[in-house]
Amino acid sequence: MRCQPHDNYQVYIWLKSEQMCLLCDEQTDSPHAICIACESDLPWLIDQCERCALPLPMSGLICAQCTRHSPAFNEVIVPWLYDFPIDALVTRFKHQGKWPLGRLLAQLLAQTLQHRFDEGLGQPDVMIPVPLANKRLRQRGYNQAAMIAHWLGDALKLAVSEKLIKRTKDTPAQQGLDARARKRNLRDAFVLSEPAGVTDLHIALIDDVLTTGSTADALARLLIQAGARKVDVYCLARTPKPGD
Ligand SMILES: [Zn+2]
Ligand SMILES: [Zn+2]
């Protein structure tokens, strides 16, 4: 027996809506590949420094480090703490090429950003992913920050530029260095390809995880010195202060 057009439509809807949660494998009808239970269980970052998003015991505060040394960026927008399962998801995306996980996290970050834009946060003129050094790029084959930036750009209809900032030095990995060593390591590591191209722009830097914030600070400083109007940082996760 032939299906009636109405039945065909129902089958189409059923096929379209059958989606598995990437975290628990249960079927979900949420627009993203994560079920509502898993989404609400993520380590959402609530109380944080108003500048660098460092987790703090209460909201509306600025952390000691930002008070001592005001970062060159204006604000960090980040949905999660770098804690289970976000740490595992980011690692699988970043080091094992599990792109659907990165895409899911970027879609949820886009949702957080859209919510903030609706509340009055200024939208950037352009988003710039933190560049990888050439050697790292060759080893990994892709820049995870650029992938996040393009997914955000698609979801939020915002421009992305990968060409405005170049990483000139193959700096050693930042992991395991203290703040002072990171700063030294970062000095002169980046250069603007077209300094006049950022004049008066509101720029959002895109990265996967914010640890000390020194990379974002160095890049924001470079952009502000070249005449950018404002620099924000959008990333997936924020680490707590070492030792916390
Ligand atoms: Zn789930
Ligand atoms: Zn801070």
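Would you confirm, using the coordinates I've provided, whether A37 is outside the structural domain of G153 (by TED's automatic domain parsing), in a helix (DSSP H, G or I) and farther than 21 Å from I203 by Cα? Taking the combined requirement at face value, the residue satisfies it.
Among the residues of the range 87-102, those that are free of Cβ contacts under 8 Å to residues at least 60 places away in the same chain and over 20 Å from T239 (Cα atoms) comprise Q96, G97, K98, W99.
Residue count for the range 91-129, restricted to those that are aliphatic (A, V, I, L, M) and within 28 Å of L192 (Cβ to Cβ): 8.
A single member of V126, V130 is in contact (Cβ under 8 Å) with a residue 60 or more places away in the chain, in contact with an Asp or Glu (Cβ under 6 Å, 6 or more places away or on another chain) and not assigned by TED's automatic domain parsing to the domain that holds C35, and it is V130. Filtering D200, D217, D188, D208 for residues that are open to solvent by 10 Å² or more (accessible area, probe 1.4 Å) and closer than 21 Å to G153 by Cβ leaves a single hit, D200. Residue pairs whose Cβ atoms lie under 9 Å apart, separated by 6 or more positions or on different chains, with the first residue in the range 52-70 and over 20 Å from L236 (Cβ atoms) and the second among the aliphatic types (A, V, I, L, M) and part of a helix (DSSP H, G or I), are Q65/A179. Would you check which residues across the range 111-143 are assigned to a helix (DSSP H, G or I) and surrounded by 21 or more Cβ atoms within 10 Å (Cβ to Cβ) and list them? Within the range 111-143, L113 is the sole residue that qualifies.
The rows are residues; the columns are (1) in a helix (DSSP H, G or I); (2) modelled with pLDDT of 95 or more; (3) surrounded by 17 or more Cβ atoms within 10 Å (Cβ to Cβ).
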| position | (1), (2), (3) |
| --- | --- |
| E50 | no, yes, no |
| A53 | no, yes, yes |
| P57 | no, no, no |
| G60 | no, no, no |
| T67 | yes, yes, no |
| P71 | no, yes, yes |
| V76 | no, yes, yes |
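Restricting attention to the range 31-75 and to residues that are polar (S, T, N, Q) and out of contact with any Cys (no Cβ under 8 Å at 6 or more places or on another chain), the residue that is nearest to ligand 1 (Cβ to nearest atom) turns out to be S40. Residue-level analysis places D200 among those that are touching a Lys or Arg at 6+ places or on another chain (Cβ under 8 Å) and of a type in the set (D, E, K, R).
The values are calculated or read from the model by the stated rules, or taken from the named source; none is laboratory data. For clarity, every value in this text was computed on a predicted model and none was experimentally measured. So basically every Cβ, Gly included, is an ideal-geometry build from the backbone, and we count neighbours across all protein chains shown. What goes into the accessible areas is simple: the full protein's heavy atoms, side chains included, and nothing from ligands, DNA or RNA. Shrake-Rupley method; radii C 1.70, N 1.55, O 1.52, S 1.80 Å.
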